[in-house]
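The values are calculated or read from the model by the stated rules, or taken from the named source; none is laboratory data. Computed from a predicted structure; not experimentally measured. Every residue, glycine among them, receives a Cβ derived from its backbone with ideal geometry; neighbour counts consider all protein chains shown. Protein only, heavy atoms only, side chains kept; ligands, DNA and RNA dropped before computing areas. Shrake-Rupley method; radii C 1.70, N 1.55, O 1.52, S 1.80 Å.
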Amino acid sequence: MKQTTKTKQGIPRLLEISGEKPSPFVASILLSTLGTLCQLVPFLAVYQVMAALLAHAATGAAIDTAAMLRWALVGLAGMASGYVLAYLSGMLAHTFAYRVICGVRLKVAAHIGRLPLGYVTNNAIGKIKQVLEADVEQIEAFLAHQLPDFVSTVVMLEGLFVIMFSQNVWLALACLLPIVVGFGCQLVVMLKILKSGGLKENFDALEKINASSIQYVQGMPSIKIFGQTVKSFRKFYDDIVSYRDFTTRMTEMIRPGYVCFRVFVLSVATFIVPVGLLLFLRQPADVAFVTTFLFFLILGPAAATPTLKLRSFSESMNVIGEGVRRVDAVLAEKPLPEPRAEGAHPQMQGRDIAFHNVSFAYEAEGRPVLDDVSFVAKQGEITALVGPSGAGKSTIAALISRFWDVTGGSIEIGGVDIRALPMEALMAEMSFVFQESVLFSDTIFNNIALGAPGASQAQVEAAAKAAQCHDFIRALPDGYQTRIGDGGVYLSGGEQQRLAIARAILKNAPILVLDEATAFADAENEHAMQQALAALIKDKTVIMIAHRLKTIAGAAQILVVNEGRICERGTHDALLKQQGLYASLWAASSDAASWTIGNAKEEEAQ
């Protein structure tokens, strides 16, 4: 479900999202306008100098050297002032633009953090990446360059045409006509593109390429192992080809109007010359008209360059409009409801976790993933979740942390419904160690300290020692300051998992969720990691998801999950006596431990 769409659009909506005041940008626009007016001064100076020189050539009148020198200095001063004002305007516009995109990115990122985890999993990562990077970068370019250029261009054109019409109406109309006709041709094409939905289709295609390119790069090991190429990864290949076909189709649609636009705008002199010659033939002895005619031959083509900028601005306006709509589409996604900030939230009595007739279905799928699940995980005990893949174990763990909200029933911690707790308070109660631990491209120290921002070196090292990873960290080139990922070291799966355990130990939250926390441990380190986990889980409410059943044999309570229901529950010994699904899983696990790879002929001989 989405929130009500905002009424503001374009630049006003951007300012609303970012929280920035428009005053610096208004100052930038004013400086740009003044700078543009100053840049028109050299044209006036040139006109005055040309008039004096032509008058001297036609009548032999004396040249006022002092006046010409003054005009030259005025033109130079105007040009210098224009550059200085343009520089100041550019600095203000860039600073403002960077503050706006920073505000927009922070707002979008913070909002995504409050959305159900399903938004990230059900929406292509490419879409989020496109919004946070490409769409926002276009906003920066628009605010820092294109909008100030548009203002200066409009001011320059208005100034030029005021000067032109003050000199000669017919020649001014001859300059204006091709520009109007050119824009008319372009307008027809732009309306056609907007009507066809071309802009939206362009953004959609880029989002698909972003998403499939991420999958392609992430799947590169498999692609290389099986000797495949980009053409074999059909999704990526099809998205690239589809975008090629789309851009080709758009180019064919745009080309006629764009060609006509350039032909007319760049042919201003072609319209000025015949009109000027007709007027000249009526009064061939008029020296002032000759001056004006030559002046138009200079000014007319000069109007073409700023006119071409107006076309790019009109395209950018449409692109920015679509970009802002896509940012708004993310912000319109409804976050998980939280209790009002006023007053203290309910206080938990202990840290027992209770599921009361919980049902859950992913919105995109519709089918129930969990159905009428009830249990109590007591503080100070380990509650293990086991069962076949896809049974719903990880979903149960995710619901405890409100990655999603339950479809039916309720979940309580210490007698308080988790929906009555602010998300920040709920997260403060929990630590997680996932099967695939996420480490950031940062130092090892900062990755561990993520569990307790502001932790000292001694605290981080103590957590690392407890997680059995202190020794391998010290052996790295820069110890705890070694960077992980690009430009740094790459850790094995077991090393990454131990860093995640160190992070959880440092946080020391009263509730701990372990999802295959020793999945990547080798035989040498598994015992040490079990010792680390034993220290970590002391006096905590522990939810442990495991496929290696021997790791949870000592759990106080084992819940066997199958097809979204708890089909068996009890201790290890009690469940074995039931001879049900758990006993089957235990037998399969025990058999798997004794598997060997032998010679087929030897086995047949035996």
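The table for this structure:
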quantity	calculated
Ala556 long-range amide H proximity, modeled H, under 5 Å	Ile382
Residue (of Leu294, Gly276, Thr307) at the positive-pole extreme of region 245-313, dipole from beta-carbon charges	Thr307
Spatial separation of Cα centroids for region 382-404 and region 567-585, in angstrom	18 Å
Above-threshold pairs, the threshold being 20 Å between Cα atoms, out of Lys107/Lys127; Lys550/Lys577; Lys129/Lys195; Lys465/Lys550	Lys129/Lys195; Lys465/Lys550
Heavy-atom accessible area ranking, 1.4 Å probe, most first, across Leu336, Leu173, Leu106	Leu106, Leu173, Leu336
Under the Karplus curve 6.51 cos²θ - 1.76 cosθ + 1.60, θ = phi - 60°, whole-Hz ³J(HN,Hα) for region 266-272, x wherever Gly or Pro sits	7, 10, 4, 4, 5, 7, 5
Cleavage-rule hits (chymotrypsin sites (Phe, Trp or Tyr not before Pro)) in region 433-484: DSSP loop, at most 13 neighbouring Cβ within 10 angstrom	Phe440
Positive-end extreme of charge dipole, region 388-492 - chosen from Ile444, Ile413, Ala466 (charges on Cβ)	Ala466
